[in-house]
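Novice: What follows is a single structure, and I will ask about it in a moment.
The values are calculated or read from the model by the stated rules, or taken from the named source; none is laboratory data. Given the structure is predicted, the values throughout are model-derived calculations rather than measurements. Using ideal geometry, Cβ is built from the backbone for each residue, glycine included, and neighbour counts are taken over all protein chains shown.
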Amino acid sequence: MTLSVYLHAQSTKKEILLIGTFHFNNPGADIAQVKNFDIMNKKSQNELEVIANKISTYKPDKIFVEWEYNKQARLDTLYNLYIDNKYFNYIEERYPRNSFYQQNEMFQLAFRAANKSKLLTVYGIDYRQANFPFDSLMLAIDKANQSNLKKEIEGTLKAYEMKENQDRVKLSLTQLLLNLNKEESRNFDLGSYITLFNTAGGKDNFVGAYLVSEWYRRNLYMYSLIQKITESKDKRVVVLLGASHIAMLKEFIKIDRNFKVVELKDIL
């Protein structure tokens, strides 16, 4: 390969705008429990408008979200309602006490940005068939008498919860998102899996490594869908997922010769 051909190949990488978020509707499904953040107040809604407009200006060809990939037809129905300005009336009637459809980042930010970008589809890429045996991991730690590891895991979770709860009181939505997408935040997230969870259990018990491998597998499958759905004509795509997923995807993209990362701070 000549130098000119090589440089051209490097310059034609597709861009992936990575946006890691906390779950706006906070279902309490994560092992770390944090306070709700009011995504529906006027200030947050104004910030969402600004962020969505910035994403639209970026001119994405596709937007990917944390919706189960095998339930795309349902996501299409909801997004079509959104395009027709019927979405929120529909969910108020259909799901009157369900904050997920009202507040989740897919509907509050991804739908908003996709509609402003005149996209006809928002793509779900979540893969839910992986396991996350955290309870079994903690039992294995007890059985192996790994008391120091247990204290470190519990202390790490507590410190994370405390910091997140403090931030959600004093920081704006934009500041929270920018913090989640900092390299140090991603490294902390990824490092916890390897430093803490991967070491759990006795010599003949690999529940810790199994949990970590399943987390890798879930994210690897999700990234596979991004690769498969992105078309040759696409130049820019947006991936809007929970921050822990984005931390993992960033590592995959580093060694993918076809993509390069764009960060939220770059468009804001």
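Novice: When segment 57-77 is examined, which residues are found to be within 17 Å of ALA113 (Cβ to Cβ) and crowded, with 18+ Cβ neighbours inside 10 Å?
Specialist: Across segment 57-77, the qualifying residues are PRO60, LYS62, ILE63, PHE64, VAL65, GLU66, TRP67, LEU75.
Novice: Moving on. Which residues, taken from segment 231-251, are over 17 Å from ILE19 (Cα atoms) and either under 18 Å from the mean Cα position of the chain (by Cα) or not basic (Lys, Arg) (or both)?
Specialist: Correct list: GLU231, SER232, ASP234.
Novice: Turning to a different aspect of this structure: I'd like to check which helices (runs of 4 or more DSSP H) are fully inside segment 163-268 and have at least 3 residues that are crowded, with 20+ Cβ neighbours inside 10 Å and either of a type outside the set (Phe, Trp, Tyr) or in contact with a Phe, Trp or Tyr (Cβ under 7 Å, 6 or more places away or on another chain) (or both).
Specialist: Result: 173-180, 207-229, 243-254.
Here's the yes/no breakdown for (1) over 20 Å from LEU241 (Cβ atoms); (2) among the hydrophobic types (A, V, I, L, M, F, W, C); (3) at pLDDT 95 or above:
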site: THR156; (1), (2), (3): yes, no, no
site: MET162; (1), (2), (3): yes, yes, no
site: ASN165; (1), (2), (3): yes, no, no
site: LEU173; (1), (2), (3): no, yes, yes
site: LEU177; (1), (2), (3): no, yes, yes
site: GLU183; (1), (2), (3): no, no, yes
site: THR195; (1), (2), (3): yes, no, yes
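Residue by residue, here is whether (1) among the small types (Gly, Ala, Ser); (2) in contact with a strand residue (DSSP E or B) (Cβ under 9 Å, 6 or more places away or on another chain) holds:
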{"site": "LYS203", "(1), (2)": "no, no"}
{"site": "ALA209", "(1), (2)": "yes, no"}
{"site": "GLU214", "(1), (2)": "no, no"}
{"site": "MET222", "(1), (2)": "no, yes"}
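Novice: Go through segment 97-152 and give me each residue that's surrounded by 15 or more Cβ atoms within 10 Å (Cβ to Cβ) and among the basic types (Lys, Arg).
Specialist: ARG112, LYS116, LYS150
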